[in-house]
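Novice: Can you keep this structure in mind? I'll have questions shortly.
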Amino acid sequence: MRKAIRWLLSLTVLIGTVGAGSAAAGAATAAEPKTKDIKDRILAIPGMSLIEEKPVDGYRYFVLNYTQPIDHRHPEKGKFQQRLTVLHKSVVRPTVFFTSGYNVNTTATRSEPTKIIDGNQVSLEYRYFTPSRPTPADWKKLDIEQAAKDQHRIFKALHGIYSKNWIATGGSKGGMTATYYRRFFPHDMNGTVAYVAPNDVKNDEDSAYDRFFRTVGTAQCRTDLAAIEREALLRREEMVDRFQKWADKEKKTFKTVGNADRAYEVMVTDLVFGFWQYQPAETACAKVPKSTVSTDDLWKWMDEVGGFASYTDQGMEPYTPYYYQAGTQLGEPGYKYPNVADLLKYPGINNSRSFVPKDIPMTFDKSAMPDVDGWVRHHANRMMFVNGQYDPWSSEHFKLGSGARDSYVFTVPGGNHGANIAKLKDVDRTKATAELLDWAGVKAPGDSEVAPHLPYDKKLDKQETRRMPMLRP
């Protein structure tokens, strides 16, 4: 998607800290069947290999590679190694299939559904994010159906070991990925929890974003943001000079986007999106600088909200696969900048094509997202979408139609791109938790037993924040 340098929670789902109001009663885990070591069982799967095992209290944790076809339609035409991790609790517990939609985190973490159902967690690196990239890279093989088939093969490979219920999950692009997986393989998973997942059905129709920015938060906060964006462009000359000197010192470059001036303009037009995406409105609005702010303080605020490093070649390159997908299938938000329109030197630069090397061709597929949207509206079953009221990405979110069954859309009041089940209103949180437990086969409907929420673990449940270039989910 487009603009703003988001700090993405590589997870967005790792945001799953169950709040103090949630009873943290660890469920008793049934005894592990007496059989050969779980590592041996996993490595007995054809194509599976061990990168390393890391110690994690209460679990076994494996970083693995799995051999995948570059093209699932023609598996004979080459293979690549796809990285994944397995956080093993017990083969008699349910399993969560997690993806961020980007690189896999090789430090053990638990998604919110993993904590709620007290299960195992399989986490997958999205194809073409390094090192899970074929060499040479045929970019035409990077699409949502190929990625869904990656997940399907891994599920089939591991289901013989983890035979209890499976739940797909992910946040942001990971939530999109979990949704696309269900569209192509609707019977693999027993349920899906998609957090803050955008749904850009018509890439050329983005008026929902303009409506969002006209009404989000308070009028004063919107006015202050518009003013500081304008001030940032009025100070373009001195700020770009500072940006270039900083880049030279840090050995950063701007070859893909063109130069520091172009990168700076993209960053400024991203600020309002980035602010509402991750800044806590209740405290951040009061910290928006006035137009009289010093250059030093303006730089610090822009770096906090946007992140200058993210607009360099070095900040953008790791996310080339995302930009490619945004410009070929996923779509990206377009919104107007009435407050700075007269100050723009490069109108139209803020889009995925500007962030993908020119030697990689891109053609947009207008049928991909309408297909997924139609399937969700008419065929969704045991799917849950959790959105944030103040999250720009929720301007275009998944909706349910008359054909959907046992599926829900929840919104966190005042929530941003870190929205999760724990932050829902009490009645919604109770409902969402009960449904998830039911789908996981942990607790039957009407069961009055305490839900197996696990207590917070500062190592496993720490939110991971990464800054990324361009407005991306």
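Novice: Could you please give the count of residues in the stretch 103-119 that are over 14 Å from the mean Cα position of the chain (by Cα) and assigned to a loop (DSSP other than H, G, I, E, B)?
Specialist: Number satisfying all stated conditions: 7.
Novice: So, one more: Only one residue in GLY418, GLY403 is surrounded by fewer than 19 Cβ atoms within 10 Å (Cβ to Cβ) and either under 25 Å from GLN277 (Cβ atoms) or without any contact (Cβ under 8 Å) to a residue 60 or more places away in the chain (or both). Which one?
Specialist: Going through GLY418, GLY403 in turn, the sole match is GLY403.
Novice: Please list, ordered by first then second residue, the pairs with beta carbon atoms under 6 Å, 6 or more apart or interchain, first in the stretch 235-258 and open to solvent by less than 70 Å² (accessible area, probe 1.4 Å), second aromatic (Phe, Trp, Tyr).
Specialist: Short answer, once both residue conditions are applied: VAL240/TYR264; PHE243/TYR264.
Novice: When only residues in the stretch 249-307 that are farther than 20 Å from SER352 by Cβ and of a type in the set (Val, Ile, Thr) count, which is nearest to the chain's Cα centre (by Cα)?
Specialist: VAL305
Novice: Further question on the same structure: When ILE51 is evaluated against the numbered criteria (1) open to solvent by 60 Å² or more (accessible area, probe 1.4 Å); (2) closer than 23 Å to ASN103 by Cβ; (3) touching a helix residue (DSSP H, G or I) at 6+ places or on another chain (Cβ under 9 Å), which criterion, by number, is the only one it fails?
Specialist: With respect to (1) open to solvent by 60 Å² or more (accessible area, probe 1.4 Å); (2) closer than 23 Å to ASN103 by Cβ; (3) touching a helix residue (DSSP H, G or I) at 6+ places or on another chain (Cβ under 9 Å), ILE51 is out only on (3).
Novice: Would you kindly identify the helices (runs of 4 or more DSSP H) lying entirely within the stretch 208-316 that contain at least 1 residues that are out of contact with any helix residue (DSSP H, G or I) (no Cβ under 7 Å at 6 or more places or on another chain) and of a type in the set (Ser, Thr, Tyr)?
Specialist: Those helices (runs of 4 or more DSSP H) span 219-234, 260-278, 281-284.
Novice: Of PRO333, PRO347, which residue is part of a loop (DSSP other than H, G, I, E, B) and open to solvent by 20 Å² or more (accessible area, probe 1.4 Å)? Don't jump to the end; show me each part of the working.
Specialist: On the way: PRO333 fails: open to solvent by 20 Å² or more (accessible area, probe 1.4 Å).
Result of the check over PRO333, PRO347: PRO347.
Okay, residues lined up against (1) open to solvent by 10 Å² or more (accessible area, probe 1.4 Å); (2) outside any loop (DSSP other than H, G, I, E, B); (3) out of contact with any strand residue (DSSP E or B) (no Cβ under 8 Å at 6 or more places or on another chain); (4) closer than 25 Å to ARG182 by Cβ:
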| position | (1), (2), (3), (4) |
| --- | --- |
| ARG73 | yes, no, yes, yes |
| ARG93 | yes, no, no, yes |
| GLY101 | no, no, no, yes |
| PHE129 | no, no, yes, yes |
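Novice: Among the residues in the stretch 162-178, are any within 20 Å of the chain's Cα centre (by Cα) and open to solvent by 40 Å² or more (accessible area, probe 1.4 Å)?
Specialist: no
Novice: Moving on. Out of (1) touching a residue at least 60 places away in the same chain (Cβ under 8 Å); (2) part of a strand (DSSP E or B); (3) among the β-branched types (Val, Ile, Thr), what's the single condition that is false for VAL122?
Specialist: (1)
Novice: Looking at ALA208, ALA194, can you tell me which residue is touching a Phe, Trp or Tyr at 6+ places or on another chain (Cβ under 6 Å), within 30 Å of ASP406 (Cα to Cα) and open to solvent by less than 60 Å² (accessible area, probe 1.4 Å)?
Specialist: Values: ALA208 fails: touching a Phe, Trp or Tyr at 6+ places or on another chain (Cβ under 6 Å).
Matching residue, one of ALA208, ALA194: ALA194.
The values are calculated or read from the model by the stated rules, or taken from the named source; none is laboratory data. Quick caveat: nothing in here was measured; it's all calculated off a predicted structure. Reconstructed Cβ throughout: ideal geometry from the backbone, glycine too, with neighbour counts over all protein chains shown. To get the accessible areas, we keep the full protein, side chains included, count just its heavy atoms, and leave off ligands, DNA and RNA. Shrake-Rupley method; radii C 1.70, N 1.55, O 1.52, S 1.80 Å.
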